[in-house]
1. Here are some values of Cα extents along the principal axes in Å: (1) 69, 53, 44; (2) 88, 63, 43; (3) 100, 47, 45. Which one was computed from this structure?
2. If you count, for each residue, the other Cβ atoms within 10 Å and average over each peptide, how do 494-501, 449-456, 250-257 line up from highest to lowest?
3. How far, in nm, would the chain grow between Arg8 and Asp108 when pulled straight, counting 0.36 nm per residue and subtracting the alpha carbon separation?
4. Quick one: length gained pulling Ala361 to Arg498 fully straight, 0.36 nm per residue minus the C-alpha distance?
5. Which ³J(HN,Hα) values in Hz, rounded to whole numbers, follow from the phi angles of segment 89-95 under the Karplus curve 6.51 cos²θ - 1.76 cosθ + 1.60, where θ = phi - 60° and Gly and Pro get x?
6. Between Ala148 and Leu224, what FRET efficiency follows from the Cβ-Cβ distance if R0 is 60 Å, with the result rounded to 0.05?
7. Arrange the peptides 22-32, 381-391 so that the one whose residues have, on average, the most other Cβ atoms within 10 Å appears first.
8. When the helices in the chain are scored as -39500 (n - 2.57) per DSSP H run of 4 or longer and the sum is shared across all residues, what 222 nm value do you end up with, to the nearest 500 deg cm²/dmol?
Amino acid sequence: MRPLPPLRPLQVRLLLASAALSSTVGLVLELLLVTQASYLAGDAALATGVVVGTFLAAMGLGAWLSQFVANGLRPRRPLLRCFVLVELCLSPLCLLGPLALFALFAADGPLWLAVVVLTLLVGVLGGMELPILTRLLEGQEQLRTALARVLALDYLGALVGSLAFPLLLLPALGLLPTAALLALVPLLCGWALCWGFPELRRWRWPVSAGLPLVGALALVVAPLGDRIEDRLYEDPVVGRLQTRHQRIVLTRRRDDLRLFLDGNLQFSSLDEYRYHEALVHPAMALHGRAARVLLLGAGDGLALREILRWPGVRRVDLVELDPAVVRLARQHPFLRRLNRDSLEDGRVRVHLGDAFALVDALPGQYDVVIADFPDPATPPLARLYSVGFYGRLLRRLAPQGLVVTQASTPFFTPKVLASIQATFAALDLETHPYSVDVPSFGPWGFVLARRPGPAQPPAVLPFEGRWIDNVQLARLFELPRDLRPGPGEPVRANRLTRPVLVDYQRQSRWRAD
């Protein structure tokens, strides 16, 4: 039995390049599954834990299973075949796995089970690859050198994937097109290996025939995903956009335009005025002479529309995390009519970035600060309702200034509003909670805070809104008892080191029923 010739330098490079690209694909697919599970299930912390934990455990299982592959006297040929087979199996998982999750969610199937199974399969394949590659190379050079080269390229591939997904692939392509692109990478690696190794000549033409097939399927994955996503919304989808921060979907039925971020309704054009009038006008009326206003997290321009109705306003600084939301508000015809082109007003300055980081860099002090962030369902969002963040806002607040924030729905999550009150109170601020009924959401809560001082004269509006007037304003701060936590239910302040709001947001009366 003649020994097989040693691997040529080109063959070694093909193997190492395939391993690095496979590591990139595996890492990107892992991040994609975290993003998709967070979007569909609405629980980013659980999605991260399930996917990352399962992926790491599955890689260990794959590494253990690799010891049973090709244990004969001449293992190189079966090892090569197994290595290529791992690449070929990874391709359909990338192509069809995320699409299947969308379909399963739309059909109200076992989403979390599917996420675990898909992550398990991808992790096992990734875990088998490195030991197999090491065994292929250990005959060429010392084992320590082979391990060093394989692991170095594997970690480099993981780094490339971890950066490429949030910075390039997700904002430029979206979830399903990214998955389709990933499917082509391991297939191309397998094709290159088949033509680079004589031992794999029988696989050349079948793998070559698979390339155009997978390419054709990749072109229809995104349209299929859009059709499945359409079923998740009651009204026709008229626009969709994936950014590095969130999934933006617009639906419209006649005059009802609705904006969804990561599947969560942000407003309906039929009743958004109730929410935005309640968010803006009580604080502006209590101050009475607000000239400088800081608006946080309201890039759609609707709260800005209400602020600009006050004749004394000279400057508004708007801080928005996602540039795509601002572009949409400036360019979409219906949204422009709805926000009355408020973003084009000369008094407005738009600052793009994370409010937590930008607040300290803003110039001067503000008479009124209005925070319109999403509900604190994740730690990154909960930090925008923390003692630490509100302390930063106080440094930007004029001596007689006021802060107001949305506070989720107090009927279903009363502890959220109460915790926000406790958070302001931890900074020695007096608080005034209130709520308003918004038909699309039900009762919605707000918390207004200011430094203690002498009693203020009654607030007066210089105009009437569609909902708010002086009669509504006078009785606004009478928060009903059933919108507060029950007796004996302790509520803590929300801190950076302990984001209790995340748990309070999950402890919904609706879910308890």
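1. Given (1) 69, 53, 44; (2) 88, 63, 43; (3) 100, 47, 45, the calculated one carries the label (3).
2. The most tightly packed comes first, giving 494-501, 250-257, 449-456.
3. Extra length available between Arg8 and Asp108 comes to 30.8 nm.
4. Extra length available between Ala361 and Arg498 comes to 46.8 nm.
5. Those phi angles translate into 6, 5, 4, x, 5, 5, 5 Hz.
6. 0.90
7. 22-32, 381-391
8. Helices in the chain give a 222 nm mean residue ellipticity of -17500 deg cm²/dmol.
Each value in this text was obtained by applying a stated rule to the coordinates, not by laboratory testing. Treat the numbers as computed from the prediction; the structure is a model and nothing was measured. Here Cβ is always computed from backbone atoms with ideal geometry, including for glycine, and neighbour counts include all displayed protein chains.
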